[in-house]
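The values are calculated or read from the model by the stated rules, or taken from the named source; none is laboratory data. All values reported here derive from a predicted model rather than from experimental measurement. All Cβ positions, glycine included, derive from the backbone under ideal geometry; neighbour counts span all protein chains shown. Each accessible area value is taken on the protein alone, full model and side chains, heavy atoms only, with ligands, DNA and RNA left out. Shrake-Rupley method; radii C 1.70, N 1.55, O 1.52, S 1.80 Å.
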Amino acid sequence: MEETRDAELRAAALAERQRLAREVHDVLAHSLSGLVVQLEGARLLALSDPADGRLAATIDRAHQLARSGLDEARRAIGMLRDDELPGPDKLAALARSFRADTGVPCRYAEAGNPVELRPAVRLALYRVTQEGLTNIRKHAHPERVEVRLEYLRDEVSLTVEDFSAAREGPPALALGDSGGGYGLTGMRERAELLGGTLTAAPTSGGFRVVLRVPA
């Protein structure tokens, strides 16, 4: 009995560490990758032409991303305290933020009749969208991006897909998950914990991630 109890405690501790790792990764990877892009742009502008009017705007955007990252970190701490979780209502804002950061068109679309979702499902939809866009920002050079949320009969489906005329190098999420990366692993763990599935694969002109979980 003692051995069984010890095993249960170890399993619970491991599950909690994995949950914390997912939250920390998703928050930091999203905010810091966008910040790096903006700061690199500012550095190149400063080197080529310090008087370029775009420099101030790029620095302002970097400042906004830093503040957003801080807000995300605070929100993650709040989630650990069982505060309100982000969900589907925030997906359009993620798409707008991606477009503002990269200049790449990013369309958000929703289909079906919205239903009340479990808190864990709401969070998974938000985090998978966030992580999918982060990987596209870091590793792909798409012409456009789409985020699609569909309420089906007994489940909800989320698709994050990038489109380009030609892809250079390995697929975005394969890169994002290589070298010990946690992105794809964390997304799959979220799906499995909810009794759902996550598929990630290249297409003829980009890469597609699909999350399907019971509503």
Taking the residues in the stretch 154-172 that are among the hydrophobic types (A, V, I, L, M, F, W, C) and over 20 Å from the mean Cα position of the chain (by Cα) as candidates, determine which candidate is modelled with the highest pLDDT.
Ala165
Which numbered condition trips up Gly78, out of (1) out of contact with any Cys (no Cβ under 9 Å at 6 or more places or on another chain); (2) open to solvent by less than 10 Å² (accessible area, probe 1.4 Å); (3) modelled with pLDDT of 85 or more?
(3)
Test: Leu149 is at pLDDT 80 or above, surrounded by fewer than 22 Cβ atoms within 10 Å (Cβ to Cβ), closer than 21 Å to Leu85 by Cα and not basic (Lys, Arg):
yes
Flag if Asp71 is at pLDDT 90 or above and either among the acidic types (Asp, Glu) or over 21 Å from Val36 (Cβ atoms) (or both)
no
Given the conditions (1) farther than 20 Å from Ala191 by Cα; (2) at pLDDT below 85; (3) open to solvent by less than 50 Å² (accessible area, probe 1.4 Å), and given that Ala111 satisfies all but one, which numbered condition is not satisfied?
(2)
Give the stretch 189-214 a look and list any residue that's assigned to a loop (DSSP other than H, G, I, E, B), closer than 21 Å to Leu152 by Cβ and in contact (Cβ under 8 Å) with a residue 40 or more places away in the chain, or say none.
Leu194, Gly196
Note on the stretch 101-123: residues within 28 Å of Gln38 (Cβ to Cβ) and in contact with a strand residue (DSSP E or B) (Cβ under 9 Å, 6 or more places away or on another chain) are Thr102, Val104, Pro105, Cys106, Arg107, Tyr108, Ala109
Those residues of the stretch 190-205 which are farther than 19 Å from Pro114 by Cβ, open to solvent by less than 40 Å² (accessible area, probe 1.4 Å) and in contact with a helix residue (DSSP H, G or I) (Cβ under 8 Å, 6 or more places away or on another chain) amount to Arg190, Ala191, Leu198, Ala200
